[in-house]
Amino acid sequence: MAGRPVGEPELLRGFIDGGFVAGGKTFTKASPVTGEILFEVAEADESMVDDAVAAARAALNGPWGRLGEAGRAAVLRRVADELERRFDDLVTAEVADTGKAISQARTLDVPRGAANFRAFAEIAASAPTESFTTVTPTGRALNYALRKPVGVVAIVVPWNLPLLLLTWKVAPALACGNAVVVKPSEETPASATLLAEVMAAAGVPDGVFNLVHGFGPDSAGEFLTRHPGVDAITFTGESRTGATIMRAAADGVKAVSFELGGKNAGLVFADADLDAAVAGSVRSSFTNGGQVCLCTERIYVQRPVFDEFAERLAERAAGLTFGWPSDEATVNMPLISAEHRRKVLGCYDLARAEGATVLTGGGVPTFGDARDGGAYVQPTVLTGLGPATRTNREEIFGPVCHLAPFDDEQEAFALANDSDYGLAATVWTRDVGRAHRAGAGLAAGIVWVNTWFLRDLRTPFGGMRASGIGREGGTHSLDFYSELTNVCVDLT
Ligand code: NAD
């Protein structure tokens with residue numbers, strides 16, 4: 001595939017109660033690389049979502065509900081094995097859907113799918129249980145907490161790291177004994193469809209994993225998140241969408257876990273290893289076409305090294321070329337769709353209107369081949385704007401960053417924290433004390449020091465403010481995907 005399909009588009013179907021299903025309506029999925037239609041996708045209507053939720057509910061009352069922790073961990077390991085067996089198919093699907101470089105799909109997206117299942121097989125099986133012996137003037141009692149599944153979990157995910165983000169939620173949900181209905185982004189239906197095949201081949205019981213395709217409003221996303229049969233909703237996507245889903249969840253007082261947008265800051269101190277800071281900032285601003293919630297869109301640089309850093313970053317950004325995704329040497333990628341490109345180009349225009357200086361980029365590249373029909377934009381480095389501008393406050397979700405100078409640590413932390421969001425911050429410094437002060441002083445769910453996007457799946461992950469609700473990762477995921485019952489037994 002890799003963005004160059006031939007013949008009729010394949011029909012991708014939903015997966016309910018162990019079988020693939022298509023409803024009446026379909027929509028098309030276009031290649032971000034060329035704009036050609038790649039897939040036709042079966043859009044779930046309300047009755048298909050009803051069926052998916054009912055199948056999940058029934059599965060909870062079947063053998064899956066009686067399996068126990070060790071049995072579920074074994075299933076998760078089989079899923080990981082099967083994901084590894086289908087590795088090349090998943091890479092092809094992920095590259096087709098997103099236009100991302102095949103090297104990235106091979107080294108990040110698809111391996112993380114299997115890693116998520118292996119990690120949560122271990123994390124769930126080895127999670128500590130709480131117990132307290134209570135002594136009162138009148139007696140003694142033993143308290144211990146039991147983990148139980150929440151029930152039917154709705155999983156709604158975006159398009160930027162489709163398999164990685166989907167499995168990040170499916171794996172712990174299943175590890176805790178839940179049944180799931182997943183709604184991938186309308187932009188990335190392919191790897192989720194393959195995941196359904198993987199589930200079936202790995203022997204996940206019918207109804208435990210269900211997949212519905214479609215859009216958000218007045219489509220599968222909305223039908224699922226306002227469904228009364230859903231017990232909890234985990235969502236990754238835009239903060240605005242999170243607010244809508246939260247309103248839907250209010251009706252049934254459902255638990256929500258939200259991983260939302262970011263407007264992440266990078267801080268480059270004059271004492272930093274500047275080579276590392278430049279290389280790291282190229283990664284943190286332009287990886288995946290800047291379409292990672294953790295990407296750095298605001299970079300503050302200490303004044304003595306500002307000019308050198310700006311010049312070197314702009315030069316590196318201008319040198320980021322676009323190969324075909326299937327070429328091993330390609331690292332860069334288009335945006336997900338023509339619609340998203342319009343939004344990002346609108347942000348480039350807005351930045352100019354707000355008075356930004358464009359150090360590099362700001363437009364679209366031309367190729368003279370089929371990629372001119374794709375959704376490419378130039379990596380862009382801006383400067384000259386104040387912290388109150390929309391460019392510095394609103395998430396763009398493209399290959400763009402704005403550079404501004406600062407004088408001292410206090411000012412740097414204040415600038416970084418001046419945001420409605422609080423997902424990630426990246427600090428480049430050789431001062432160990434400052435590194436720890438940044439960890440304490442920055443309002444972000446993760447603070448990276450001299451690195452970016454280094455993740456340990458056991459650690460808490462999530463955002464503050466408009467960047468999310470709750471933490472996932474390690475036992476934090478188990479806390480969301482399970483209910484605790486405290487059992488209190490009289491010992492007298
Ligand atoms: P989005 O919010 O538009 O869509 C995400 C998912 O929600 C899609 O499946 C979509 O169909 C569905 N959806 C949309 N409206 C809905 C509604 N009213 N009801 C139910 N479902 C609905 O986000 P996107 O454009 O796909 O992804 C980009 C966003 O995701 C960015 O804001 C990015 O920062 C964020 N993101 C956050 C994280 C994180 O971990 N914090 C990770 C990746 C992406």
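Could you please give the count of residues in the stretch 220-244 that are open to solvent by 40 Å² or more (accessible area, probe 1.4 Å) and within 13 Å of the ligand (Cβ to nearest atom)? Spell out the reasoning first.
Going through the stretch 220-244, the residues open to solvent by 40 Å² or more (accessible area, probe 1.4 Å) turn out to be 222, 226, 228, 231, 238, 240-241, 243-244.
So of that shortlist, the ones also within 13 Å of the ligand (Cβ to nearest atom) come out as 222, 226, 238, 240-241, 243-244.
Within the stretch 220-244, residues that are open to solvent by 40 Å² or more (accessible area, probe 1.4 Å) and within 13 Å of the ligand (Cβ to nearest atom) number 7.
Looking at R437, R430, R458, can you tell me which residue is within 24 Å of N288 (Cβ to Cβ) and either open to solvent by less than 30 Å² (accessible area, probe 1.4 Å) or at pLDDT 95 or above (or both)?
Working: R437 fails: within 24 Å of N288 (Cβ to Cβ); R430 fails: within 24 Å of N288 (Cβ to Cβ).
Going through R437, R430, R458 in turn, the sole match is R458.
Run R78 past the list (1) of a type in the set (K, R); (2) assigned to a helix (DSSP H, G or I); (3) in contact with a Phe, Trp or Tyr (Cβ under 7 Å, 6 or more places away or on another chain) and report the number of the one that doesn't hold.
For R78, the failing item is (3).
Could you check the stretch 15-31 and list, in sequence order, the residues that are closer than 26 Å to D327 by Cα, in contact with an Asp or Glu (Cβ under 8 Å, 6 or more places away or on another chain) and in contact (Cβ under 8 Å) with a residue 40 or more places away in the chain?
First, pick out the residues of the stretch 15-31 that are closer than 26 Å to D327 by Cα: 28-31.
Imposing the further condition that a residue be in contact with an Asp or Glu (Cβ under 8 Å, 6 or more places away or on another chain) reduces the set to 28-30.
Across the stretch 15-31, the qualifying residues are K29, A30.
Looking only at the stretch 19-43, which residues are of a type in the set (G, A, S) and either assigned to a loop (DSSP other than H, G, I, E, B) or surrounded by fewer than 17 Cβ atoms within 10 Å (Cβ to Cβ) (or both)? Show your work before the answer.
From the stretch 19-43, those of a type in the set (G, A, S) are 19, 22-24, 30-31, 35, 42; that's our starting set.
Once the filter is applied, which keeps residues that are of a type in the set (G, A, S) and either assigned to a loop (DSSP other than H, G, I, E, B) or surrounded by fewer than 17 Cβ atoms within 10 Å (Cβ to Cβ) (or both), the stretch 19-43 yields G19, A22, G23, G24, S31, G35.
Does the stretch 45-101 hold any residues that are touching a helix residue (DSSP H, G or I) at 6+ places or on another chain (Cβ under 7 Å) and charged (D, E, K, R), and which are they?
Result: E46, E69, R72, R77, E82, E84, R86, D89, E94, D97, K100.
Quick one: which of V358, V381 is outside any loop (DSSP other than H, G, I, E, B), open to solvent by less than 30 Å² (accessible area, probe 1.4 Å) and modelled with pLDDT of 95 or more? Break it down into steps so the answer makes sense when it comes.
Working: V358 fails: open to solvent by less than 30 Å² (accessible area, probe 1.4 Å).
Of the residues listed, the single one that is outside any loop (DSSP other than H, G, I, E, B), open to solvent by less than 30 Å² (accessible area, probe 1.4 Å) and modelled with pLDDT of 95 or more is V381.
From the residues in the stretch 179-193 that are part of a loop (DSSP other than H, G, I, E, B) and touching a Phe, Trp or Tyr at 6+ places or on another chain (Cβ under 7 Å), which one is farthest from the ligand (Cβ to nearest atom)? Please lay out each step first, then the result.
In the first step, residues of the stretch 179-193 are kept if they are part of a loop (DSSP other than H, G, I, E, B); the result is 184-189.
Of the ones still in play, those that are also touching a Phe, Trp or Tyr at 6+ places or on another chain (Cβ under 7 Å) are 185-189.
Values: S185: 4, E186: 5, E187: 7, T188: 8, P189: 10 Å.
Checked the stretch 179-193; the qualifying residue farthest from the ligand (Cβ to nearest atom) is P189.
Hey, does the stretch 345-353 have a residue that's assigned to a helix (DSSP H, G or I), in contact with a strand residue (DSSP E or B) (Cβ under 6 Å, 6 or more places away or on another chain), surrounded by 15 or more Cβ atoms within 10 Å (Cβ to Cβ) and not aromatic (F, W, Y)?
yes
Pull out all pairs, ordered by first then second residue, where Cβ-Cβ is under 7 Å, the residues are six or more apart or on different chains, the first lies in the stretch 472-488 and is without any contact (Cβ under 8 Å) to a residue 24 or more places away in the chain, and the second is surrounded by 19 or more Cβ atoms within 10 Å (Cβ to Cβ).
Short answer, once both residue conditions are applied: G473/L457; G473/F461.
Filter the stretch 44-70 down to residues that are of a type in the set (G, A, S), open to solvent by less than 20 Å² (accessible area, probe 1.4 Å) and in a helix (DSSP H, G or I), then give me how many there are. If you could, list the steps in order and put the result at the bottom.
Within the stretch 44-70, the subset of a type in the set (G, A, S) is 44, 47, 52, 54-56, 58-59, 62, 65, 68, 70.
Keeping just the survivors that are open to solvent by less than 20 Å² (accessible area, probe 1.4 Å) gives 44, 52, 55-56, 59, 62.
Filter once more, keeping what is in a helix (DSSP H, G or I): 52, 55-56, 59.
Total satisfying the criteria: 4.
Among the residues of the stretch 291-304, what is the count of those that are away from the ligand (no atom under 16 Å from the Cβ) and surrounded by 19 or more Cβ atoms within 10 Å (Cβ to Cβ)?
Taking the stretch 291-304 as the starting set, the residues that turn out to be away from the ligand (no atom under 16 Å from the Cβ) are 299-304.
Those still in the list that are surrounded by 19 or more Cβ atoms within 10 Å (Cβ to Cβ) too: 299-302.
Number of matching residues: 4.
Between a first residue in the stretch 151-164 that is without any contact (Cβ under 8 Å) to a residue 24 or more places away in the chain and a second residue that is near the ligand (Cβ under 6 Å from one of its atoms) and in a strand (DSSP E or B), which pairs have beta carbons less than 9 Å apart while being 6 or more apart in sequence or on different chains?
If the second residue must be near the ligand (Cβ under 6 Å from one of its atoms) and in a strand (DSSP E or B), no pairs are left.
Scan the stretch 234-250 and give yes if some residue there is touching a Ser or Thr at 6+ places or on another chain (Cβ under 6 Å) and under 22 Å from K25 (Cβ atoms), otherwise no. Even if it seems obvious, please write down each step before you answer.
Restricting attention to the stretch 234-250, the residues satisfying the condition of being touching a Ser or Thr at 6+ places or on another chain (Cβ under 6 Å) are 234, 245, 248.
Then drop every residue that is not under 22 Å from K25 (Cβ atoms), which leaves 248.
Yes, the conditions are met somewhere in the stretch 234-250.
Based on what the data block shows, is R106 within 28 Å of V230 (Cα to Cα), in a helix (DSSP H, G or I) and open to solvent by 20 Å² or more (accessible area, probe 1.4 Å)?
On the way: within 28 Å of V230 (Cα to Cα): no; in a helix (DSSP H, G or I): yes; open to solvent by 20 Å² or more (accessible area, probe 1.4 Å): yes.
No, not satisfied.
Residues of the stretch 466-492 being surrounded by 15 or more Cβ atoms within 10 Å (Cβ to Cβ) and either within 23 Å of T107 (Cα to Cα) or away from the ligand (no atom under 12 Å from the Cβ) (or both), which ones?
If the condition is that a residue be surrounded by 15 or more Cβ atoms within 10 Å (Cβ to Cβ) and either within 23 Å of T107 (Cα to Cα) or away from the ligand (no atom under 12 Å from the Cβ) (or both), then E472, G473, G474, T475, H476, S477, L478, D479, F480, Y481, S482, E483 are the ones that fit.
Output yes when any residue across the stretch 194-208 is open to solvent by less than 10 Å² (accessible area, probe 1.4 Å) and within 10 Å of the ligand (Cβ to nearest atom), and no when none is.
No, there is no match, as no residue in the stretch 194-208 is open to solvent by less than 10 Å² (accessible area, probe 1.4 Å) and within 10 Å of the ligand (Cβ to nearest atom).
Mind telling me which of the residues A173, A115 ends up being in a helix (DSSP H, G or I), touching a helix residue (DSSP H, G or I) at 6+ places or on another chain (Cβ under 7 Å) and small (G, A, S)? Give the derivation first.
Numbers: A115 fails: touching a helix residue (DSSP H, G or I) at 6+ places or on another chain (Cβ under 7 Å).
It is A173.
Report the residue count in the stretch 384-403 for those that are aliphatic (A, V, I, L, M) and crowded, with 22+ Cβ neighbours inside 10 Å. Show your work before the answer.
Taking the stretch 384-403 and keeping what is aliphatic (A, V, I, L, M), we get 385, 388, 396, 400, 403.
Now restrict to residues that are crowded, with 22+ Cβ neighbours inside 10 Å: 396, 400, 403.
Of the residues in that region, 3 qualify.
Take the conditions open to solvent by 10 Å² or more (accessible area, probe 1.4 Å) and either part of a helix (DSSP H, G or I) or modelled with pLDDT of 95 or more (or both) and apply them to R247. Does it pass?
Criteria met by R247.
Can you report the number of residues in the stretch 250-262 which are within 9 Å of the ligand (Cβ to nearest atom) and either in a helix (DSSP H, G or I) or not small (G, A, S) (or both)? Quick ask: steps written out before the conclusion?
Let us first name the residues in the stretch 250-262 that are within 9 Å of the ligand (Cβ to nearest atom), namely 258-262.
This time we only want the ones that are either in a helix (DSSP H, G or I) or not small (G, A, S) (or both), so: 258-260.
Residues flagged as within 9 Å of the ligand (Cβ to nearest atom) and either in a helix (DSSP H, G or I) or not small (G, A, S) (or both) within the stretch 250-262 amount to 3.
What number of residues within the stretch 311-353 are out of contact with any Leu (no Cβ under 9 Å at 6 or more places or on another chain), within 20 Å of S284 (Cα to Cα) and of a type in the set (K, R)?
Count: 1.
Here are some conditions: (1) open to solvent by 40 Å² or more (accessible area, probe 1.4 Å); (2) in contact (Cβ under 8 Å) with a residue 40 or more places away in the chain. F406 meets all but one. Which one does it not meet?
Condition (1) is where F406 drops out.
Out of curiosity, is W428 within 16 Å of the ligand (Cβ to nearest atom) and either touching a residue at least 12 places away in the same chain (Cβ under 8 Å) or more than 20 Å from E297 (Cβ to Cβ) (or both)?
Numbers: within 16 Å of the ligand (Cβ to nearest atom): no; either touching a residue at least 12 places away in the same chain (Cβ under 8 Å) or more than 20 Å from E297 (Cβ to Cβ) (or both): yes.
Spelling it out, it is not the case that W428 is within 16 Å of the ligand (Cβ to nearest atom) and either touching a residue at least 12 places away in the same chain (Cβ under 8 Å) or more than 20 Å from E297 (Cβ to Cβ) (or both).
The values are calculated or read from the model by the stated rules, or taken from the named source; none is laboratory data. These numbers come from a predicted model, not from an experiment. Neighbour counts run over all protein chains shown; Cβ positions are idealised from the backbone, glycine included. With ligands, DNA and RNA removed, areas are computed over all heavy atoms of the protein, side chains included. Shrake-Rupley method; radii C 1.70, N 1.55, O 1.52, S 1.80 Å.
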